Structure formats: structure tokens, C-alpha cells
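The values are calculated or read from the model by the stated rules, or taken from the named source; none is laboratory data. Just so it is clear, the model here is predicted, and its values are computed rather than measured. Virtual Cβ from ideal backbone geometry, glycine too; neighbours counted across all protein chains shown.
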Ligand SMILES: [Zn+2]
Ligand SMILES: [Zn+2]
């Protein structure tokens, strides 16, 4: 088996594990899940596969308030926002027209073009609040 084929297989394993995850997960968490399923995949390989999936637009990446990189295979492929439970990781995908309008208006007011933004909300879901 060539290195390329092996990498492809490992990326598929990471893609599948990410699809099964309930919400946003860290690379370490995904690595633990894969090891628990009997995979011998290394943490560095999980990182590389996740980066490749993000680059290909097949996964979303965001930073938790604690500064940890979190990953998710989102159902929505276009631009969107997230509402994430910091207790259990439950995630909702959001459209936020008011944010889009605000971003382009503020950019224009300052003479900026090609504005990009990242807006993700963290909180506690109804289950975790109890
Ligand atoms: Zn929760
Ligand atoms: Zn937006």
C-alpha cells in the first residue's frame, strides 16, 4: 500500500468519526474516539486529516472560548454561524441575516471591501441548564 492510499484511508476514518460526533469536537477527542473503536491512527494524522477536510470545505473549524480548535462536519456548506452548548457540544447551524447586513455596512462605512467574519455563539442548552 502506498503512503497516498494509506493517507486517504485515514482521512476517510477521520471523516466518518467526525460525521458521528454530536457537535464540535477537538482533535484529541476524535483521536480518543477512533482509538476506542480499535484504530491505531496517530494524533498527528488526525490533525492533518482534519486540516485537509477544513481546506476542502468538508468540515468547519472554530475556536472555543478557551482557545481550543474544534471541528465539525456541518450539514450546511455555505456561510453560516453556530450556536454551541459548552456543556455537551450540541450544535445548531444558524443563518444570521442581521449579522451579514451589519458586517457589510460597517465595512463600507470604513471603506473596506471583501469583509469576512466569524460569529459563533456559546452557551448552555436546555438539557445542560438544569
Ligand atoms: Zn448541552
Ligand atoms: Zn455571517
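Some points to look at:
- Test result for residue 97, loosely packed, with under 12 Cβ neighbours inside 10 Å and more than 12 Å from the chain's Cα centre (by Cα): yes
- Hey, residue 57 over 29 Å from residue 9 (Cα atoms), in contact (Cβ under 8 Å) with a residue 12 or more places away in the chain and surrounded by fewer than 15 Cβ atoms within 10 Å (Cβ to Cβ) or not: no
- From the list 61, 88, the lone residue that is more than 16 Å from ligand 1 (Cβ to nearest atom), at pLDDT below 95 and not in a helix (DSSP H, G or I) is 61.
Residues are listed down the side, and each one gets a yes or a no for (1) touching a strand residue (DSSP E or B) at 6+ places or on another chain (Cβ under 6 Å); (2) farther than 30 Å from residue 130 by Cβ; (3) modelled with pLDDT of 90 or more:
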{"residue": "13", "(1), (2), (3)": "no, yes, yes"}
{"residue": "28", "(1), (2), (3)": "no, no, yes"}
{"residue": "40", "(1), (2), (3)": "no, yes, yes"}
{"residue": "43", "(1), (2), (3)": "no, yes, yes"}
{"residue": "46", "(1), (2), (3)": "no, yes, yes"}
{"residue": "80", "(1), (2), (3)": "yes, no, yes"}
{"residue": "96", "(1), (2), (3)": "yes, no, yes"}
{"residue": "110", "(1), (2), (3)": "no, yes, yes"}
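- Taking segment 107-126 as the range and being away from ligand 2 (no atom under 14 Å from the Cβ), free of Cβ contacts under 8 Å to residues at least 40 places away in the same chain and on the phi < 0 side of the Ramachandran plot as the test, the residues that pass are 108, 109, 110, 112, 113, 124, 126.
- Test result for residue 8, without any contact (Cβ under 8 Å) to a residue 60 or more places away in the chain and assigned to a loop (DSSP other than H, G, I, E, B): no
- Every residue from segment 73-106 that is more than 12 Å from ligand 2 (Cβ to nearest atom) and either over 13 Å from residue 24 (Cβ atoms) or without any contact (Cβ under 8 Å) to a residue 12 or more places away in the chain (or both): 75, 77, 92, 105, 106
- Count of residues meeting criterion [part of a helix (DSSP H, G or I), within 16 Å of ligand 1 (Cβ to nearest atom) and surrounded by 11 or more Cβ atoms within 10 Å (Cβ to Cβ)] in segment 106-130: 1
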